[in-house]
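Have a look at the structure below, then the notes.
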Amino acid sequence: MSTMTRTATPQPAPSAPENPKTPKRRSRRVRSASAALWQASPLTYLALIIAIVLSVFPILWSFIVASRDNSAVTAIPPPLTPGANFFSNAARVLENTDANFLYGLVNSAVVASSVTVSVVFFSTLAGFAFAKLKFRGKNALLLIIIMTMMIPTQINIIPLYLLMVKLDWTNTLQAVIVPFLVQGFGVFMIRQYAESAISDELIEAARIDGASTWRTYWSVVLPALRPAAAVLGLLTFMQTWNDFLWPYVVLNGDTPTVQVSLNILATGYYKTDYVQVFTGTALAIVPLLIVFIAFGRQIIGGIMEGSVKA
């Protein structure tokens, strides 16, 4: 009889039965860890409170001093409650014939509004072209626009002032409007937003429907760019309203902006009346607060809408 050798194959050890509750426990741990990651700590609240106080205090202090007399400027401890002289101080500022403060407010409103509308229009138009249209030299032109953002404004003041003298535009509002009708930052910002917010299929659908380039921009692109255009408009308005250096160079007290009027209040006398300066500052802040309160909710809502669409 022949003996047959059998090789025994090892059998795998029986695995432990899976616990159906284990995946649920893991998902709960992951959710709790992610919730703890995004939950604000007391240190976060403390940092936010400090940031809010440091941001709001200069504005609040301007209104407090504007409602008191000059003794409040040097008082120790400083007063933290408003007084009862705000309207009388505001009347003195508006009646000051040297500063022409009311005229400066009107001029700043005209300049800031004109520059804002122009910057938003040309930036959305050029941003759409750089983002979605194809033409020769597109990248080179975009690089030139970005390079203009690297040049400080102070370098251009002397040649720009000489140009204003040649055009006989000194002491006129067009001298502070025309040089800033187009800004490289706005073009670059809208171009970056249009790259992700507007799909190529949307542009092609408008072309198939027979829309021209201008019609496509006005009816399709511009509504999609509304969130970025609103943010750009607010930033441009604030920047133009607060601009001091160029209006101070090219304008005088007869045709001031609000910042030039404030400078006259601060330096136009042998003894500075700080109450008038703080009152003028408070009055100059009011239009910015009105613009932000009126359009801030729409701008934030537009940003959230744009981020969801993108």
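The values are calculated or read from the model by the stated rules, or taken from the named source; none is laboratory data. Since the structure is predicted, the reported quantities are computational estimates derived from the model, not experimental observations. Note: ideal-geometry Cβ built from the backbone for every residue, glycine included; neighbour counts use all protein chains shown. Ligands, DNA and RNA are stripped out before the accessible areas are found, and what is left, the full protein with its side chains, is counted by its heavy atoms. Shrake-Rupley method; radii C 1.70, N 1.55, O 1.52, S 1.80 Å.
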- Once the whole set of protein chains is in place, how much accessible area is left on LEU102, using a 1.4 Å probe, in Å² to the nearest 10? 100
- Note on the structure: Taking r as the C-beta separation of ILE52 and ALA75 and R0 as 22 Å, the FRET efficiency to the nearest 0.05 is 0.35
- What does the convex hull of the alpha-carbon atoms of region 183-298 project to on average, in nm²? 10.0
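Hey, what does the equivalent ellipsoid look like for region 149-197, semi-axes from the Cα gyration tensor as sqrt of 5 times each eigenvalue, largest first, whole Å? Please report the intermediate quantities before stating the final value.
Values: eigenvalues 171, 33, 7 Å².
Taking √(5λ) for each eigenvalue gives 29, 13, 6 Å, largest first.
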- Message: Can you order the peptides 72-79, 268-275, 171-178, 222-229 by their average number of other Cβ atoms within 10 Å per residue, highest first?
- Response: 222-229, 171-178, 268-275, 72-79
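Roughly speaking, to the nearest percent, how much of region 169-278's 1.4 Å accessible area is carbon and sulfur? Mind showing how you got there, number by number?
Values: 3230 of 5450 Å².
Here carbon and sulfur together make up 59 percent of the probe-accessible area.
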- Note on the structure: Under the Karplus relation with 6.51, -1.76 and 1.60 and θ = phi - 60°, whole-Hz ³J(HN,Hα) for region 47-64, x at Gly and Pro, equal 5, 5, 5, 5, 5, 5, 5, 5, 7, 8, 4, x, 5, 5, 5, 4, 5, 5
- Task: Could you tell me the distance between the Cα centroids of region 109-148 and region 234-273, to the nearest Å?
- Result: 28
- Residue by residue through region 261-270, which ³J(HN,Hα) values in whole Hz follow from phi under the Karplus form 6.51 cos²θ - 1.76 cosθ + 1.60 (θ = phi - 60°), with glycine and proline marked x? 4, 5, 5, 5, 4, 8, 10, x, 9, 5
- Message: Percent of Cα-Cα pairs more than 21 Å apart in region 44-169, please.
- Response: 72
